[in-house]
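Enquirer: First the structure, then my questions, so here it is.
The values are calculated or read from the model by the stated rules, or taken from the named source; none is laboratory data. Quick caveat, the model's predicted, so the values are computed rather than measured. All Cβ positions, even for glycine, are placed from backbone atoms using ideal geometry, and neighbour counts span all protein chains on display.
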Amino acid sequence: MVEWGSGGGTADIASEELLTDSELLKLMQDPLVTRIGIDAPFGWPDQFVNALVGWRDHGIWPVEPDAYETQRPLVLRETDRRVHASTGRWPLSVSTDRIAFAGMRCARLLAALAKAGTAIDRSGAGRVIEVYPEAALRQWNLSPAQSANDPGGYKGPAPQATDRRHRLLTQLRERTAGWLTLNDQLAKACLARDDPLDALLCALIARAADLELLEPVTEADRARTEGWIRLPRSESLELLGGARHARA
């Protein structure tokens with residue numbers, strides 16, 4: 001969680017433990033929290049959903065035998081294709097990859113928030129937005145994968161990944177010096193594991209949303225059903241310490 005004031009933002013770790021749905025919802029419903037960034041799909045490809053309904057109700061499938069390439073619209077959302085076009089990074093497929101489990105958890109959290117009175121707009125126009133930390137890092141020119149000296153991922157316990165997290169956090173602190181303060185506990189957690197680092201990035205993207213520093217949604221109707229990954233503008237990182245008090 002990042003609390004923003006006139007002097008910038010102070011980032012702290014909300015919990016050292018994994019949180020249950022109820023514990024997450026309590027944090028998300030805090031009235032002081034103005035934006036919530038979630039690194040999980042907000043929906044499934046429309047054509048995939050239609051295909052499932054057609055199969056269930058009529059025993060038909062929209063893809064002919066040996067026509068695998070025509071199945072691609074069932075595998076990826078429109079926002080996934082747009083993210084790849086912008087950053088060169090393919091998001092995981094919510095219909096064919098294990099991220100579907102995260103998508104289902106996200107759906108039940110968003111449904112619970114909606115039931116409690118929080119307006120949910122899957123395009124990211126409301127209080128909750130879908131984010132993708134690795135794509136945001138590419139927007140901000142911070143991605144370890146693009147490093148000339150040691151390209152690759154920053155996730156996992158391998159020594160190379162730990163080294164990349166260290167460099168990434170160092171660069172992030174240099175780029176946000178003067179307006180972002182990281183609690184020591186959070187900084188240590190970010191170095192030890194990738195999840196706290198991703199959570200910090202989610203909060204920074206949420207701040208970009210609060211300051212209207214996101215790339216526009218180009219397919220509004222699809223975004224409202226499939227969800228839409230909100231990318232920060234490439235020049236936005238240095239602007240996140242600007243005026244407007246909030247929590248993200």
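Enquirer: What's the number of the condition Thr87 fails, among (1) out of contact with any Lys or Arg (no Cβ under 7 Å at 6 or more places or on another chain); (2) closer than 21 Å to Gly124 by Cα?
Expert: (1)
Enquirer: Okay, moving on. Just to check your reading of the model, which residue among Asp30, Asp57 is more than 26 Å from the chain's Cα centre (by Cα) and either farther than 24 Å from Arg122 by Cβ or part of a loop (DSSP other than H, G, I, E, B) (or both)? So that I can check it myself, show each step before the final result.
Expert: On the way: Asp30 fails: more than 26 Å from the chain's Cα centre (by Cα).
When all the criteria are applied, what remains is Asp57.
Enquirer: Does any residue of region 50-64 turn out to be touching a Leu at 6+ places or on another chain (Cβ under 7 Å), closer than 21 Å to Arg230 by Cβ and surrounded by 14 or more Cβ atoms within 10 Å (Cβ to Cβ)?
Expert: no
Enquirer: For the condition hydroxyl-bearing (Ser, Thr, Tyr) and under 18 Å from the mean Cα position of the chain (by Cα), what is the one hit in Thr181, Thr162, Thr225, Thr176? Break it down into steps so the answer makes sense when it comes.
Expert: Numbers: Thr181 fails: under 18 Å from the mean Cα position of the chain (by Cα); Thr162 fails: under 18 Å from the mean Cα position of the chain (by Cα); Thr176 fails: under 18 Å from the mean Cα position of the chain (by Cα).
After ruling out the rest, the residue left standing is Thr225.
Enquirer: Could you say which residue among Ala135, Ala148, Ala116 is more than 16 Å from the chain's Cα centre (by Cα) and at pLDDT 95 or above? Outline the logic, then answer.
Expert: Working: Ala135 fails: more than 16 Å from the chain's Cα centre (by Cα); Ala148 fails: at pLDDT 95 or above.
Going through Ala135, Ala148, Ala116 in turn, just one is more than 16 Å from the chain's Cα centre (by Cα) and at pLDDT 95 or above: Ala116.
Enquirer: Here's something else I'd like to know. If Arg98 satisfies all but one of (1) within 21 Å of Arg230 (Cβ to Cβ); (2) modelled with pLDDT of 95 or more; (3) under 18 Å from the mean Cα position of the chain (by Cα), what's the number of the condition it fails?
Expert: Against the list (1) within 21 Å of Arg230 (Cβ to Cβ); (2) modelled with pLDDT of 95 or more; (3) under 18 Å from the mean Cα position of the chain (by Cα), Arg98 comes up short only on (1).
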